[in-house]
Structures are given as C-alpha cells and as structure tokens.
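Notes for the one structure printed next.
Throughout, read-outs are computed from the coordinates displayed, never taken from laboratory work. Everything numeric here is computed off the predicted structure, so don't read it as measured data. Because the Cβ atoms are built from the backbone with ideal geometry, glycine has one as well, and the counts that use them run over all protein chains shown.
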Amino acid sequence: MTESLSRIISRFIISTDYDNLPPEVIDKMKTSLFHSLVVSILGAETSHGKAAVELAKVEEGKENGATILVDGTKATRSGAAFANSKLMHATNQSDSYRMLIHPGPCIIPAVLAAAELGSSSGKDVLSAMAVAYEVESRLAGDFIPSVQARGFRSSPIFGTLGSAIATGKLLGLDEDQMVTAVALASTFTCGTNEGPRSGGREMMFHEPQATRNGLMAALLAKENVKGSETSLEGDAGFYNAFVGNNKGDLSYVFNGPNTVSLDSIIEGIGERWELMHVVPKLYPTAGYNCPVIELMTDIRAAHDLSIQDVEKITVDMNWLETSYPSPAFPNPSRTAPGVASTHYFAAYTCINGNYPPLRKRIEAGEQSLDGEDAVLDLLKKVDVIGHKDRKAFAPRITIEMTGGNLYQGEYKGEELEWDFATETSRLGSFFGEIDWPIDKLNGLTVITGDLQGEENLSNLIGHCVR
C-alpha cells in the first residue's frame, strides 16, 4: 500500500456519486432507509426513545434546525441526530452487518440531518449512504470479533466512522478534509462491552453518541482542522488501539484464518460491494436470533408437527453467536437457556409458528411473560451448539420427534439480506398493527422507492412526523 488507508478511502468517497452506483446498491440503500424509518416510529414508544427525544428538545431545541422524527420538533443537527439514532435502535430492530455492527442507527440519522439542513436531493442521500455503509462495513469486516474481545462494542466503534463519512459526503468535503474527518472519527469513537457482559444498559446510547461524535468529526474537518494521514493503520492508530495491533493479527474470527491483510479493506472497493450483506432485523432481538426465528418459522410452515411429541431441538450456529458479546467474556444470561436466549426464541417460534415483530422487546434474564409455561418447558429441550466452520446467520435446526421422525432446515447465511421489494412486503404485512396513519406508511413506501426523484427530504420526513 503506497498511500494511507484513509487517503484511498477518501478518494473513493469523494469520487462516488449516484450515477455510478449499481442498481442493486441503490435498492439496498432504499431498503435500509425504509427499515430504519419504520423502526423509528416503533422506537418512539419506548422509554429510551422518549428519553432521548426529551433530552434533545430541552437541551438542543432550535428553530429552523433538523427534525426529530415522529415528534416533529426541530433541534440542532447533533441533537436531532442523537434522538433519531435512539429511535432507530430502541426496539433492537436496526439493521445488522456481520452480527455485531448496526450501520443504520449511526449513518442514517447523520444523513437525515445533513440532507435536511443542506437541502440535499434524494440522489445525494443515496450516494452518501452508500459510501458510508460500504466503508464502515469494509473497515469492520473480519476485525469485529477481535474488537469485541478487546472490550469494545464494535457497532459504535465503527459507527462513528460511518456517521463522519456520511456527513462529510453531504457537506461536500474535499479529499484532504475527508482524511481529517476519518482521523477525527477514529479518535472520537467510544463504547465498551461491559454493559453487554454484565447486563448494564449503557449500550442503549452507544449508537446515538457515535452518531453525534461522527458528525462533529465531519464538521470540524470542514473547518480545515488537520488530521493524521495514518489514523487507521498507524503504529498508534485505530487498528492498533481497537484490534490490538496494526498487522492484521486477529485474536478471534467468525471462521477462517486468524490473520487478514489491511490491504483487503480497500481491495475491489467500488466494484465488490460489501454493504450487500447488511441484514434488516425484523424481530426485536439480537441479530443472531433472527435467522433462527425465520428458519423455525419455515420449518413449522412446512410440517404440521405435534409439539408434545418434540423430544429435542438442536440449533447449530456460528460459535461467536453462542458467546455474546465475546468468547473473552460471554454473558451467561444471554447464552444459557432462559428468557430471551436463542433457546427461548427457537422454542417460542416452534410452538406458535412465528414470532411477532411488534412484540415488546424482552431482555435476557427477565421474568417470563404470563402464559409461557409451554415455551419455558420446551426450551429445556433445545440445545444450541456453536461451530467455527459455520457462517454467521446460517443456522441449522433439527427437530427430533417421538417415534423417530426428524425435521430439519438450514440457512446459508444470505437468506435475510433482503431487497427493497422483500423489505416492503414483510413490513407492509403488519402496517395495520402500527400506531401510525396507514396512508403515511404507504406513502413512505412509495417515496422511498422513488427517492432518486425527490429534490429534497421534506416529503420523506413529513411522512415520519405526527
């Protein structure tokens, strides 16, 4: 590598616009945007969502500022982005890349604020989202498990960079300024895994603060602050701090070798799009549980089995999905059989045939809800086994029945990487159950689908406020 990582990345960001985005990338960004906006409506009913909105209104309310979704109040750029990020993450239904990072709640609120204040077009929004999603995904990639094992939560660590890139793109930063934005974001980033490890809830505000820090990095870069050229790969830079070295040596991996070249981050950039592997989470639970729910739903739809005759359920998964937040310090309340564990979601879906997307978010270690005795009984028959040779989001479920019958299903890891048509179909199926005008939800579907034709975001945002 003859140039720095941030220099090569910045050149890609600056040179990429709507006209050279592949159609499937544009479609994917519409999927993520639509998903995040619908989820923000759900998040506004949560206690954390309400707290973030109230804080932004009281401390950062501003006439002619950016819009806080659902509520409609105007606030500073950072205040609105903070609140909107929380709304998109409050129900645990944000999008997910490689299980442990959630680009949407960091990138999209930053984009909405910058686009609204700068009167950016729909094409501008889609291109800013695309470069931010792509670079964040590439920077994270194989490094995610090692970052987790260092005690950091990967989503905000990489999300700060995503927010900075998206904001910088819409601010029109030049190449040198974008290099500085990356440098500032690299040093502004934050978020530890002690909450996920011990049951603390500070992680609920990781993404909002990462969003805020990222957009501040871009705004400072606009003022021509000078950042380090080698902020990512330098001897005292981002990767050395958060991975433990800048050589590509990995302490943990999803699968495959324990080394990766930093050159792989930029290999094929603009030709092979890593963002295509982002998954919108339909269910209010950890990302690794979503394919288990979907696969069990498929099995139950295909087979009319008797629950009382189930002898054993085996769920085979990637090994890191069974040791959240990291094998270095797993949280037993998440990984052992109990409420909100993988065992629980497999049992619930096996009994009921599906899991309700609008069901209240439940946390590991909580008391079971009334009427769930059958679920709690069945989860005792569920074994969850981690494998180093299985991809993430690629479970295999085997149901053994009394009498010897056996039912099995398996995913390859790509089944939930939905396009816009699938996303709108799945979310549209429960529009009538959401406390929001159905005409606004249907309108939001149409506007997002034709976002490239919008001169600004006023119409889109208007469908997301009361």
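For the reader, a short list of remarks on this structure follows.
- Theoretical ellipticity at 222 nm over the chain - DSSP helices of four or more residues, -39500 (n - 2.57) apiece, nearest 500: -14500 deg cm²/dmol
- Convex hull volume of the C-alpha atoms in the chain, normalised per residue: 131 Å³.
- For Tyr283, distant residues with modelled amide H under 5 Å away: none
- Here the Karplus relation 6.51 cos²θ - 1.76 cosθ + 1.60, evaluated at θ = phi - 60°, turns the backbone of the range 399-408 into coupling constants of 10, 9, 10, 4, x, x, 5, 9, 10, 9 Hz, with x for every Gly and Pro.
- Whole-angstrom Cα spans of the range 287-410 along principal axes, big to small: 41, 37, 24
- Distant-in-sequence amide H partners of Asp383 (H built 1.01 Å from N, under 5 Å): Ile313, Thr314, Val315
- Backbone phi angles across the range 201-207, fed through the Karplus curve with coefficients 6.51, -1.76 and 1.60 (θ = phi - 60°), yield HN-Hα couplings of 10, 4, 4, 5, 10, 4, 5 Hz in residue order; Gly and Pro are listed as x.
- The charge dipole of the chain, taken about its Cα centre with unit charges on the Cβ of Lys, Arg, Asp and Glu (plus for the first two, minus for the last two), comes to roughly 840 debye.
- C-alpha center-to-center spacing [the range 179-211, the range 220-279] in angstrom: 17
- Near Lys62, the amide H atoms lying under 5 Å from its own belong to Lys74, Ala75, Thr76; only residues 5 or more places off or on other chains count, and H is placed 1.01 Å from N.
- Sequence-ordered 3J(HN,Hα) estimates for the range 322-330 from the Karplus curve with 6.51, -1.76 and 1.60 and θ = phi - 60° stand at 9, 9, 5, x, 6, x, 5, 7, x Hz, glycine and proline given as x.
- Straight-distance crosslink candidates among lysines, where the alpha carbon sits under 28 Å from Lys30 and sequence neighbours closer than 8 are dropped: Lys50, Lys74, Lys86, Lys123, Lys169, Lys222, Lys281, Lys360, Lys391, Lys412, Lys440
- The value of relative contact order for the chain, using C-alpha pairs under 8 Å at least six residues apart, is 19 percent.
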